[in-house]
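The values are calculated or read from the model by the stated rules, or taken from the named source; none is laboratory data. A quick note: this is a predicted structure, and the numbers were derived from the prediction, not measured. Every residue, glycine among them, receives a Cβ derived from its backbone with ideal geometry; neighbour counts consider all protein chains shown.
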Amino acid sequence: ALTIAVVTRPFSFEGPQRSASAEYGIDNLRKEVDALIVIPNDRLLELSDRSIGIIEAFKTADTALLAGVQGITDLISMNSYIHVDFNDVNSILRGAGTALFGIGSARGEDRATQAAEIAISSPLLEESIEGAHGALINIAGPTDLKLQEASAATELVRKAIHTEAQSIWGLALDDAYGDEVRVTVIAAGFDPVAAQDDDTQSTVTPVVPTAADPATPVAQPAPAPAPAAQPAATAQPAFTPAISDSASLPFDDPTSAHPNIAVNDPAGDLDIPDFLR
């Protein structure tokens, strides 16, 4: 199924709270429908007399909603000379997101081109249709409408949208229109996602790869310090007390061992037999 929503934005004098609530609802509704047409009520003031009453102003808003819905249904249901069927509408509005809607009518000379100019610059349009990638164009008028008139009106709309946009046009002829020519334009496919991607790409920070660049030397972690070498214990020879001459040789006290030998007597060293003494 193809789902199209047509809603109005509150008047600015209704206060910021109602405006914020409307924006919240519009943002959520946009996620659930194929195409969303938003008609700002403030733009209706440009179409109304300054002396219009408030009740009549709200009725004008309702009429604008009706015109938006009827403009789409008439493309499919009205008896047209060049018919626009559901497949045509579906190809333009399926998954289109935001869509813009405008109606223009004119009489007299250059009526078709004047009606087209009014349609693409209609106060009902929130934004310009410039850049739209798809457009439905319906021209309705009397049976005496000239081919040149229809061609000029269609070409005027095509110049206002994207150069490679898909445009489908229909033609309804009925003498009930009298001298009036009416042009209905529904533009869609403004590709907001691509614009967001461009902004994102301009602010993206390149990710530095974690793998080491082979051309760049990589510092190796310092090896753990080896335990400090302890000085080898020097083999100490076993302590042997020096033997003094006095300790190694027996000491004879001359006064006690040989009391009869004088110490200073040179003959005392001799072993003199007793019988010679």
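Among the residues of region 10-57, which ones are among the hydrophobic types (A, V, I, L, M, F, W, C) and without any contact (Cβ under 8 Å) to a residue 12 or more places away in the chain?
Phe13, Ala20, Ile52, Ile54, Ile55, listed by residue number.
If you check Ala116 against the conditions, is it of a type in the set (A, V, I, L, M, F, W, C) and either crowded, with 17+ Cβ neighbours inside 10 Å or within 26 Å of Glu23 (Cβ to Cβ) (or both)?
Criteria met by Ala116.
Going through region 167-195 one residue at a time, which ones are modelled with pLDDT of 90 or more and assigned to a loop (DSSP other than H, G, I, E, B)?
Asp174, Gly178, Asp179, Glu180
Test Arg50 against the criterion of being touching a Pro at 6+ places or on another chain (Cβ under 7 Å) and not acidic (Asp, Glu), and give yes or no.
no
What do you reckon, is Ala140 closer than 15 Å to Ala116 by Cα and modelled with pLDDT of 90 or more?
The answer is yes for Ala140.
Does Gly108 qualify as being out of contact with any strand residue (DSSP E or B) (no Cβ under 9 Å at 6 or more places or on another chain), touching a residue at least 24 places away in the same chain (Cβ under 8 Å) and not aliphatic (A, V, I, L, M)?
Yes, satisfied.
So for region 70-88 (the condition being under 23 Å from Ser121 (Cβ atoms) and without any contact (Cβ under 8 Å) to a residue 40 or more places away in the chain), does at least one residue qualify?
Yes: one or more hits.
Given the residues Ser51, Ser80, which is the only one that is within 22 Å of Glu155 (Cα to Cα) and part of a loop (DSSP other than H, G, I, E, B)?
Exactly one of Ser51, Ser80 is within 22 Å of Glu155 (Cα to Cα) and part of a loop (DSSP other than H, G, I, E, B), namely Ser80.
Of the residues that make up region 97-106, is at least one at pLDDT below 95, surrounded by 14 or more Cβ atoms within 10 Å (Cβ to Cβ) and farther than 30 Å from Leu45 by Cβ?
Within region 97-106, none of the residues are at pLDDT below 95, surrounded by 14 or more Cβ atoms within 10 Å (Cβ to Cβ) and farther than 30 Å from Leu45 by Cβ.
Quickly run through region 83-96 and pick out the residues that are touching a helix residue (DSSP H, G or I) at 6+ places or on another chain (Cβ under 7 Å) and either in a loop (DSSP other than H, G, I, E, B) or loosely packed, with under 13 Cβ neighbours inside 10 Å (or both).
Passing the criteria: Val84, Asp85, Phe86.
So in region 71-82, with the set limited to residues that are out of contact with any Gly (no Cβ under 8 Å at 6 or more places or on another chain) and polar (S, T, N, Q), which one is surrounded by the fewest Cβ atoms within 10 Å (Cβ to Cβ)?
Checked region 71-82; the qualifying residue surrounded by the fewest Cβ atoms within 10 Å (Cβ to Cβ) is Asn79.
Collect the residues in region 26-48 that are touching a strand residue (DSSP E or B) at 6+ places or on another chain (Cβ under 8 Å) and of a type in the set (Gly, Ala, Ser), keeping them in residue-number order.
The one that is touching a strand residue (DSSP E or B) at 6+ places or on another chain (Cβ under 8 Å) and of a type in the set (Gly, Ala, Ser): Ala35.
With Glu164, Glu180, Glu127, Glu155 as the choices, which residue is within 22 Å of Thr8 (Cβ to Cβ) and surrounded by fewer than 20 Cβ atoms within 10 Å (Cβ to Cβ)?
Glu127
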